[in-house]
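In what follows, a structure is listed as structure tokens, so that the remarks can point back to it.
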Amino acid sequence: MVRKVLVLSLVIIAIHFRASAQSNKVESIGAFADASASESVRKALEPKGHRVVLADGNALCDIWLRASVPAGKTDAPGAVYNNIGESTLIGVITFPKQATDFRGQQIKQGSYTLRYALHPADGNHLGISPIRDFLLLIPVSVDQNADAQYKFDELVKMSAKTTGTNHPAVISLVAPEGKANAAAVTQNEHGHLVFSASVKSAGGADMPIAFVIKGQAEQ
């Protein structure tokens, strides 16, 4: 009897550790301090960031959200984040090693600003994502003014420096589920790893935001 109880206990412990090892998580980290970023960008961010740690214990990326997102409006059909103006700086992301964007393009190790954009409503972008909302990645050494407003063509040209191609580096935003909550990482029905958190609007309200940090478009 004692032996059966001991074996059962060991099985339960093993299951517990296996489940713990398989879970991705978000850890709190300090301020963004990349020397290649401008003071304007650094000051625009929250004083603490979020580190996404994978089940294997390796860090996927570090994310710092903007402390206060300026009021904006987007009336474009298919847009979900219609309270954010196009080209608005949302935050900064750092990859400790080479990664890929939502289109499978290579992204070098380093830090990148995240600016809100809508993919063009044309035949070349059909089916990429259920919504048109994206974040474009721009090297922090290139994007120096947090409050700058760029035209779409300018954004594309700046973001293309991330990939070294003619196409910008993109991260797909996804529709947030429910109200704004603490930062978390989950896997959606497509197998994409999604980071979700809340950002403060200029009026002080919490605004939920979620985007794919690992995973690619199906086509």
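For the reader, a short list of remarks on this structure follows.
- Cβ-derived FRET efficiency at R0 25 Å, ASP75 paired with ASP206, nearest 0.05: 0.60
- Between LYS97 and ASP153, the modelled labels are 4.0 nm apart [label points 7 Å from Cα along Cα→Cβ].
- Look at the Cα gyration tensor of the stretch 76-219: its axes a ≥ b ≥ c give a/c under 1.5, and that counts as rounded.
- Share of carbon and sulfur in the accessible heavy-atom surface of the stretch 20-164 [1.4 Å probe, %]: 50 percent
- Accessible-area rank, largest first, for LYS214, LYS157: LYS157, LYS214, with all protein chains present and a 1.4 angstrom probe.
- Near LEU155, once Lys and Arg are set to +1 and Asp and Glu to -1 for all other residues with Cβ below 12 Å from its Cβ, the sum equals 0.
- Taking packing as the residue-averaged number of other Cβ atoms within 10 angstrom, the listed peptides 173-179, 107-113 run from highest to lowest as 107-113, 173-179.
- The length gained on full extension between GLU189 and HIS167, counted as 0.36 nm times the residue separation minus their Cα-Cα distance, comes to 5.2 nm.
The values are calculated or read from the model by the stated rules, or taken from the named source; none is laboratory data. Given the structure is predicted, the values throughout are model-derived calculations rather than measurements. We place every Cβ from the backbone using ideal geometry, glycine too, and count neighbours over all the protein chains shown. These area figures cover heavy atoms from the full protein model, side chains too; ligands, DNA and RNA do not enter into them. Shrake-Rupley method; radii C 1.70, N 1.55, O 1.52, S 1.80 Å.
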